[in-house]
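Single-structure report; data block below.
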Amino acid sequence: MPRNCVIYGCAGTELSESERAFFREARPWGFILFARNISDPDQVRALVSSLRGAVDDERAPVLIDQEGGRVARLRPPHWKAHPPMQHFGELYRSDPDVAREAAYLNGRSIAQELFALGIDVDCVPVLDVPAEGADAVIGDRAFASDPDIAATLGRVVIEAMLDGSVLPVMKHIPGHGRATADSHHALPRVAAGREALQRTDFAPFRALNVCPLAMTAHVVYEAIDPDQPATTSATVIREIVRGEIGFDGLLMSDDLSMNALSGSLGERARAALVAGCDIILHCNGRMEEMQRVAPEVKPLQGQSLSRAEKALAQRQAPKPFDLAEAEARVAHLLKVAA
């Protein structure tokens, strides 16, 4: 029986009995981990196993945001500190081949760490193209302000993740780079014309539209839909995400609990699904909020179910990889370029 079209977080480093009971009843498609859920490798592996056990599926997707730089849920001393993606974009300007090699090896290193924990989905690459004057929420998380560089290195990271048996999630479709507000706190509005958006913001997503999963931007694009952010805009999802960009993979919302969205959590969930998101994402692990979301979600079916199955089918055994050798090589390449 298909599970429901939602991904939930959890509160701490182990599941409470109330969480187990809720997940058993709510049957989410998958789960997402944050720093609050992580202490050491053995604990993470046990939590991942408990989450999957709650839905009685040892292959239920478990997601994380492990980008490198300031967005990294796994941190020293148990895990390596990986550089932000901007480092690879800067390297690309001086030596494209070396940048591609470094970005691939760095991506494989991240995937190897995740695979060892049982985590099989990483919310990378960030394909947003930062614009001058934009809010710093994206900043060095992005590869470059050049959409061609973003697409080139984004493709490398997608390949690295898939080679490491981790599914990539490109974000934040169709582009968060011009936003002058942090969507965690407020609703960004982008006034750029459609032609400019097509040329820059949408371009990396269009180039990489075969990525198996994507996450929406809580951003209003006034030239396309002046009223609704992409997450809850049927116009943006139909015309831009599915149409112009040509993405036919599994589309998930960004976190419903972010302040960019308005209305109750139930209303947000319903609006995102009606607009065309295949799956909704609720991250903070607060039981009372998850209980308000749950009545709005239904079993995955139709195209959404097909997209989910197609995405999960891309999880293959990882290709051979020497983690220590790769990390030493990346450190050398970045040092030489500095």
Diffusion constant of region 230-309 at 4 °C, which comes from Stokes-Einstein with the Kirkwood Cα-pair radius and 1.567 mPa s, µm²/s: 100 µm²/s
Given all pairs of different Cα atoms, what value in angstroms does the Kirkwood hydrodynamic radius of region 1-133 take? 16.2 Å
Would you mind telling me the antiparallel percentage of the DSSP bridges in region 1-117, rounded to 5? 25 percent
Full extension between residue 329 and residue 95 adds, at 0.36 nm per residue less the Cα distance, a length in nm of 82.7 nm
Bins of 5 Å from zero: percent of alpha-carbon pairs in region 84-136: 4, 16, 21, 21, 17, 13, 6, 2
Expressed in nm to one decimal, what extension gain is obtained for the pair residue 40 and residue 25 from 0.36 nm per residue of sequence separation less their Cα-Cα distance? 2.5 nm
Of all DSSP beta bridges in the chain, what percent run antiparallel (nearest 5)? 10 percent
Can you give the FRET efficiency for residue 223 and residue 309, using 1/(1 + (r/R0)^6), R0 = 30 Å, r = Cβ-Cβ distance, to the nearest 0.05? 0.30
Name the long-range amide H neighbours of residue 121: under 5 Å, sequence gap of 5 or more, or other chain; modelled H, no Pro or chain starts. 62, 64, 167
Within region 114-158, list the residues whose amide N lies under 11 Å from a label point set 7 Å along Cα→Cβ of residue 78. 117
Determine the gain in length on full extension of the stretch residue 288-residue 259; use 0.36 nm per residue of separation and subtract their C-alpha separation, reporting nm with one decimal. 8.7 nm
What list of ³J(HN,Hα) values in whole Hz, one per residue of region 185-191 in order, does the Karplus curve 6.51 cos²θ - 1.76 cosθ + 1.60 (θ = phi - 60°) give from phi, with Gly and Pro shown as x? 10, 8, 8, x, 10, 10, 9
Between 16, 183, 49, find the one with the highest GNM mean-square fluctuation for the chain; connect C-alpha pairs within less than 10 Å. 16
Calculate I(q)/I(0) for the chain by the Debye formula, one identical point scatterer on each C-alpha and no solvent, and give its log10 at q = 0.06, 0.09, 0.14 Å⁻¹ to two decimals. -0.19, -0.43, -1.11
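None of the figures in this text is laboratory data; all of them are computed from the coordinates on show. Just so we're clear, the structure is a prediction, and the values are computed from it rather than from any experiment. Positions of Cβ are generated from backbone atoms using ideal geometry, with glycine treated the same way; all protein chains shown enter the neighbour counts.
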